[in-house]
Amino acid sequence: MKLAGKIALVTGGAAGIGRGCALELARAGADVAFNDLAESADSQATLNDLRAIGRKSAFFAGDAFDHESCGRIVEAVLQEFGRIDILVSSPAYSRRGEFLTYPRDLFEKVVRGTLFGGFSMAQHVANHMVARGGRGKIVFISSVHSRRPYSRACAYNAGKAGLNHLAATIAAELLPHRINVNVIEPGWIETPGEYATFGEQAIREEGPKLPWGRIGQPEDIGKAAAFLSSDDADYITGTSLVVDGGFCLRDSI
């Protein structure tokens, strides 16, 4: 229970990696506020699972891609929980397509969801942390796409690469306040978005071929987030942790 007594806010927490992070933070002892765009069967299921773990939890609907909406979400969480000790920023929007025909408005939407959303929520939370005297943990969910130019993903690649650099810059600026800012780079993780992109058959067939013998699970990322949110990671800031089961090493085998 390394996070006992801590309050965490997880964006994009109703499903996928965000849900995995919310559950693992709760298993580590944190009370968890989580956000997604709107209330849904997924958000209710996550809320039920968090409460079954025995932690105080609440869902906050709102657009994590919009700066003013992020402010309202943070204010609502502070009213309910009193403070925020941990932010796991996991909003994302991804659509693949060929660069030569990729729509400009879709490029902007993907980058806004990946990069702008991370900036806005982190800024609001960091201001709260600084105002109360400093200390806290901010964890951004990036991707191995940030360092490898996978084709048909120009917007997502650019957004995640920008997110990594943004996080490092924030980490540097928040050093005087002892706020740890780090990034997790997931590899191929089994999420609803991956099923929508690749289909069930491809995931079922390709997962066992990966270097670790399986596709990653949201809880794999959640456990890394729980570590980076704990006192065990007190001396770690401005870094990026790849959690990919050797995905980026597969060409080396």
### Message
I need the full set of residues from segment 178-196 which are touching a residue at least 24 places away in the same chain (Cβ under 8 Å), under 17 Å from Pro91 (Cβ atoms) and surrounded by fewer than 21 Cβ atoms within 10 Å (Cβ to Cβ), in order please.
### Response
Pro192, Gly193
#### Entry: Test result for Ile236, under 30 Å from Met129 (Cα atoms), hydrophobic (A, V, I, L, M, F, W, C) and surrounded by fewer than 22 Cβ atoms within 10 Å (Cβ to Cβ)
yes
## Note on the structure
Taking segment 157-172 and keeping residues touching a helix residue (DSSP H, G or I) at 6+ places or on another chain (Cβ under 9 Å), crowded, with 19+ Cβ neighbours inside 10 Å and either without any contact (Cβ under 8 Å) to a residue 12 or more places away in the chain or among the aliphatic types (A, V, I, L, M) (or both) leaves Ala161, Leu163, Leu166, Ala167, Ile170
### Query
Out of (1) surrounded by fewer than 20 Cβ atoms within 10 Å (Cβ to Cβ); (2) within 25 Å of Lys2 (Cβ to Cβ); (3) within 15 Å of the chain's Cα centre (by Cα); (4) among the hydrophobic types (A, V, I, L, M, F, W, C), the odd one out for Leu175 is which?
(3)
### Query
Has segment 91-106 got any residue that is under 16 Å from Met121 (Cα atoms) and among the β-branched types (Val, Ile, Thr)?
no
#### Entry: Selection from segment 224-253 of residues that are free of Cβ contacts under 8 Å to residues at least 40 places away in the same chain and of a type in the set (D, E, K, R)
Asp251
#### Entry: strands (runs of 3 or more DSSP E) wholly inside segment 1-80 containing at least 2 residues that are surrounded by fewer than 24 Cβ atoms within 10 Å (Cβ to Cβ) and touching a strand residue (DSSP E or B) at 6+ places or on another chain (Cβ under 9 Å)
57-61
### Query
Any residue at all in segment 211-220 that is under 25 Å from Arg96 (Cβ atoms), in a helix (DSSP H, G or I) and under 13 Å from the mean Cα position of the chain (by Cα)?
yes
### Query
Which residues, counting only those in segment 81-97, are in contact with a helix residue (DSSP H, G or I) (Cβ under 9 Å, 6 or more places away or on another chain) and not basic (Lys, Arg)?
Ile84, Asp85, Ile86, Leu87, Val88, Ser89, Ser90, Pro91, Ala92, Tyr93, Ser94, Gly97
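The numbers here are math on the coordinates, done by the rules we state, and not lab data. Computed from a prediction, not measured in an experiment: that's the story for all the values here. Backbone-built Cβ (ideal geometry, glycine too); neighbour counts: all protein chains shown.
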